[in-house]
Structures are given as C-alpha cells and as structure tokens.
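Participant: Quick one: the structure is below, and I'll ask about it shortly.
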Amino acid sequence: MKIRLLGGADEIGRSAVLVDDSLLLDYGIASESPPQYPVGEVDPDAVVVSHGHLDHAGAVPALMSSGDLPPVHWTPPTRDLATTLAEDTLKLHGSTPRCPFTDTDVRRLTQASVTHGYEESFEAAGYEVTLFNAGHIPGSAHVLVDDGDIRLLYTGDFHTGDQRLVAPSTARPEADAVICESTYSDVTHEARDRVEKRFAESLQQTVWQGGTVVVPAFAIGRTQEAMLVCNAHDIDCYVDGMGQRVTEQLKRHPEFLRDADALRGATSSTRFVTGRDGQRRRIAEQNTVIITTSGMLNGGPAMTYVPAIRHHPTNKVALTGYQVEGTPGRELLETGSAELDGRVMPVSAQVELHQFSAHADREGLFDFLDSYREVPVLVNHGDRTGAFAGELREDGFAASAPELGETVRV
C-alpha cells in the first residue's frame, strides 16, 4: 500500500492522505494568511472524511470542480458540519483566494455525499472501509482501510478522555499500519472535571461581581461543550454565531452524542441571539455569560462583544482552547491587546485561558498506540512530529514522521 501525505506533515492543518493514488483521506485547509491547501494535483476515485473541521474537510468542495464526482464518504454529522463550513467560507471569502471552490461545487458535493454509521463497512475506490468513533467531535471517525492484504488505520483527530458532548474513543481495530495524529504529544491535559470546575467558578464570580463574560468558542464542538458545562452548573448564558446552527444540526443526530437529552436541556435553558436591532450591544451591558464565535477572535460576533466589554476590569474574556500563533486570541493572551475588527485595541477586562481540548494528550496517544506496538506508525498532524516519532522509537515502536509530499510504502 502506497501512502502520500499531501498535508498535515509536521504541521496542524490541511490534512490530506492519498492511498495508492486512488483513495483520499481528508482534504483540509490551513487557516493561515494566506490559507494553505494540500500540495499536488489529485483526482481521487473516492474520498473519506474523518470529521467536519476546516483543517480536515475545508477544501473537500474543491474536489467537485472536475467532470466526474468522486463519492465522498462520511458520517451524517460530518456531512452537515462540512457543508455548513463550506457555506460559511463562501459567504465570507467567496471569489477570493481564501475560498478554493464555488457555490456550484458545494451543490455538487451534496450529490456526491454518502453517509455511514460507525462500524458499518462499505466499499470505496475498491477498498473496504470502516469508521470508528474517534471521540473528538460528533461524527468524528478513525478510518480503517483494508485492501485485502494491508489494513491501514488513519486516526484523524481523536480523544480518549472525558467530554460532555461525545464519548471517548475506545476503538482499537486490528491494523497493519497506523497514521496517528500528534497534536498534543508533549502535553499532559489537566483532568477535565478540574478544568470545568475552575471555568464555572470563574464565570460565576465575574457575574456575581457585576461583570460580563465573553466566552469565545469554536462553533463545532466547543460551543456545545461550553453550553453543557454552563447548564450543569446552573449558569445562565447566551449563545451567538454559527454555534447556534451547529447545535441544532447536532441535535438531529442523537446517536452520535454522549447524552442527547443533556444537549436538548442545555439548549432549552440557553438564549440564542438573533443580532437584530442592537441586541448584541444590549446583551454586552448585562451581567451575563455570552458564548460566541470565533474561538480565536478572528471574526464573528466576538468582534462586537469583546470591544464592548474591554474597558472594565470587572469583565472577562474566557478563552476555551488553544490559540494559534498570529491570531488575535494569541495576541490578547500575550500582550493584553489585539486587532479586533480591523483596529488594535487594548483590553482592560480580565483574560483567561481554559483548556477544553478535544485531542488526546501525550498519555492518551501512548495509551492508544500501545495496541499497535508491532506495526509501523506514521506520525502526522502536529508541530513536532519528528520528535514524537523519535520518542516512540525509543519506546520500541517502528515510528516515522513522513515529510510533506513524501510517499511511504507499508
């Protein structure tokens, strides 16, 4: 089996793996400036998408521009989420280099879409493929590719720890080779219950003191996780941005949620924001919690809320995940100011970071890979893939970290 990494090699973003020049696993975007896309020309016979985040699914519509439509296989939530992201990319960046596809491509993607549940084997480009719960976001999947001789396991992004929204990954299908993500290969996550407790107490304290909390959160996964935490701790909150639409989509797929009733309960006790008639300005003046996109402060309704609350030290910006270098969220953490909606603004409000990670940490990666000590492990999706592959070799694994565009045979 011939494997070529078209993206995600010693980087986080634009994940794309081509198997035997025929089967494409993921086709994502690296949201840099300018954005980065997978390398090389590709004309796959079929596509399998592990989950609905931009860095894994963001460029999939661009595959629809040729005459023949390759079937695109994914779970129902991944189909819905990827389509929502594509429509949002068109709305924000259509007809610019930041959007490599057209509205026609997105419509054609709907025609090419084929959905599957977990552990339901199907044929794609002549391979037998099976999806397993990856525990990352709803619908996220490990992808097992079997050509009759070799079984390749592509992990996508996965998590082996607790989250309220999705159950952790416990799947360990037999495989002859593994392509494994390594996002947090040098990090040990704090126990989730402690992260939640500190987050909830921080929000409650600010509101009790008369302040407003803005919680920037990714629309997919993080918004819903924050809603569930707030509901569990009886914290009233608003939700704004794309996370509203995503929440309604996820509720239509209860079999991919850890506790569908809990998400319905959190939704019923949350106030969704329309943004009409100056609503956001009025909400920003309340003693309340506002969960809103974007998670790294590079767009969305956060561009209204953070400037509105930034002057008062009683207020708070509670970031909920990793802030990529060069983003306004990272600048705010490091300098106390950030470029928001085209202007650099100092922020006197308190700024905190709460790590609600949806990736396996170092211990989780080793725990997962312990089932694959006898097979080759190809490390991808991380900024220290070579170092982590070396650490795995020291522990007895046959591990390597392919370079961008490199072809590996297993």
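The values are calculated or read from the model by the stated rules, or taken from the named source; none is laboratory data. Keep in mind that what you see is a predicted model, and the values were worked out from it rather than measured. Heads up, the Cβs are rebuilt from the backbone with ideal geometry, glycines too, and the neighbour counts pull from every protein chain shown. Side chains are part of the model used for accessible areas, which takes the heavy atoms of the whole protein and leaves out ligands, DNA and RNA. Shrake-Rupley method; radii C 1.70, N 1.55, O 1.52, S 1.80 Å.
Participant: Between Arg258 and Val324, take the C-beta separation as r, use R0 = 35 Å, and let me know the FRET efficiency to the nearest 0.05.
Facilitator: 0.80
Participant: Can you give the angle from 0 to 90° between the axis of helix 222-232 and the longest principal axis of the chain, with both taken from C-alpha atoms, to the nearest 10?
Facilitator: Taking the Cα atoms of the chain, the angle to 222-232 is about 50 degrees.
Participant: Obtain the nm distance between the two label points defined at Val114 and Asp383 by a simple spin-label model: each point lies 7 Å from its Cα along the Cα-to-C-beta direction.
Facilitator: My value for the distance between the label points is 3.8 nm.
Participant: Pop out the ³J(HN,Hα) list for segment 273-281 in order, Karplus 6.51 cos²θ - 1.76 cosθ + 1.60 with θ = phi - 60°, rounded to Hz; leave Gly and Pro as x.
Facilitator: 9, 8, x, 7, 6, x, 4, 5, 4
Participant: State, as an integer percentage, the relative contact order of segment 122-182 based on alpha-carbon contacts under 8 Å between residues 6 or more apart.
Facilitator: Computed over segment 122-182, the figure is 31 percent.
Participant: Now, a different point. Could you give the length gained on full extension between Val344 and Glu32, defined as 0.36 nm per residue of separation minus the Cα-Cα distance, in nm?
Facilitator: 110.4 nm
Participant: Between Val408 and Gln209, what length in nm is gained on full extension when 0.36 nm per residue of separation is reduced by their alpha carbon distance?
Facilitator: 65.8 nm
Participant: Would you pull out the residues with amide H under 5 Å of His354's amide H, same chain only if 5 or more places away, H placed 1.01 Å from N?
Facilitator: For His354, whose amide H was placed from the backbone, the distant partners under 5 Å are Leu319, Thr320, Gly321.
Participant: I'd like the carbon and sulfur percentage of the solvent accessible area for segment 207-294, probe radius 1.4 Å, heavy atoms only, ligands and nucleic acids excluded.
Facilitator: On segment 207-294, the fraction of accessible area on carbon and sulfur atoms equals 43 percent.
Participant: Could you give the alpha-carbon Rg of segment 55-168 over 2.2 N^0.38 Å, rounded to two decimals?
Facilitator: Rounded to two decimals, the normalised Rg is 1.14.
Participant: Still on this structure, please answer the following. Where is the GNM fluctuation largest for the chain (alpha-carbon springs, 10 angstrom cutoff): Val214, Val377, Val39?
Facilitator: Answer for the Gaussian network model of the chain: Val39.
Participant: In whole Hz, what ³J(HN,Hα) sequence does segment 242-255 give by Karplus (6.51, -1.76, 1.60; θ = phi - 60°), x for Gly and Pro?
Facilitator: 4, x, 5, 5, 4, 4, 5, 5, 5, 5, 7, 10, x, 5
Participant: Would you grab the residues whose amide H sits under 5 Å from the one on His116? Only those 5+ places off in sequence or on another chain, please, with H modelled 1.01 Å from N.
Facilitator: Placed amide hydrogens put Trp74, Thr75 under 5 Å from His116.
Participant: Oh, and also: Please report, in Å, the Rg and the Dmax of segment 124-271, where both are computed over Cα atoms only.
Facilitator: Computed over the Cα atoms of segment 124-271, radius of gyration and Dmax are 18.1, 64 Å.
Participant: Can you find, among Gly405, His381, Thr288, the residue sitting farthest towards the positive end of the charge dipole of the chain, where Lys and Arg contribute +1 and Asp and Glu -1 at Cβ?
Facilitator: Farthest towards the positive end: Thr288.
Participant: Now for a separate question. Rounded to the nearest 0.05, what FRET efficiency do Gln286 and Leu353 have when you use their Cβ-Cβ distance and R0 = 25 Å?
Facilitator: Once rounded, the FRET efficiency stands at 0.55.
Participant: Additional query: Please list, in order along segment 366-376, the HN-Hα scalar couplings obtained from phi with the Karplus expression 6.51 cos²θ - 1.76 cosθ + 1.60 (θ = phi - 60°), rounded to whole Hz, x for Gly and Pro.
Facilitator: Per residue, the Karplus-derived 3J(HN,Hα) values read 5, 4, 5, 6, 4, 7, 10, 5, 9, 10, x Hz.
Participant: Could you work out how far helix 103-112 tilts from the main Cα principal axis of the chain, as a 0 to 90 degree angle to the nearest 10?
Facilitator: Around 50 degrees separate the two axes.
Participant: Place the peptides 135-141, 279-285 in order of packing, highest mean first, counting for every residue the other Cβ atoms within 10 Å and averaging per peptide.
Facilitator: 135-141, 279-285
Participant: Could you look at segment 15-61 and say what percent of its accessible area is carbon and sulfur, using a 1.4 Å probe and all protein chains?
Facilitator: Ligands and nucleic acids excluded, carbon and sulfur reach 43 percent.
Participant: Give, as ranges by residue number, the residues of segment 299-332 whose backbone N falls under 17 Å from the point 7 Å along Cα→Cβ of Thr274.
Facilitator: No residue passes the distance filter.
Participant: Ok, one more. With +1 assigned to the C-beta of every Lys and Arg and -1 to the C-beta of every Asp and Glu, and no other charges, what is the dipole magnitude of the chain about the Cα centre in debye, to the nearest 20?
Facilitator: About 1840 debye.
Participant: Would you please put 335-343, 12-20 in order of how densely packed they are, using the mean number of other Cβ atoms within 10 angstrom per residue and starting with the highest?
Facilitator: 12-20, 335-343
Participant: Hey, another quick one. What fraction, in whole percent, of alpha-carbon pairs in segment 45-119 exceed 21 Å separation?
Facilitator: When all Cα pairs of segment 45-119 are counted, 18 percent exceed 21 Å.
Participant: Over the chain, what relative contact order in percent results from Cα pairs under 8 Å that are six or more residues apart?
Facilitator: For the chain, the relative contact order is 18 percent.
Participant: Quick check for me: using +1 on Lys/Arg Cβ and -1 on Asp/Glu Cβ, what's the dipole size of segment 220-309 about its Cα centre, in debye to the nearest 20?
Facilitator: 280
Participant: Here is a follow-up. Kindly report the accessible area of the chain per residue (heavy atoms of protein chains, probe 1.4 Å, no ligands, DNA or RNA), in Å².
Facilitator: On a per-residue basis, 40 Å².
Participant: Please work out the Cα convex hull volume for the chain and give it in Å³ per residue.
Facilitator: So the per-residue Cα hull volume is 128 Å³.
Participant: Roughly what percent of Cα-Cα pairs across segment 316-406 reach past 21 Å?
Facilitator: Within segment 316-406, distances greater than 21 Å cover 51 percent of Cα pairs.
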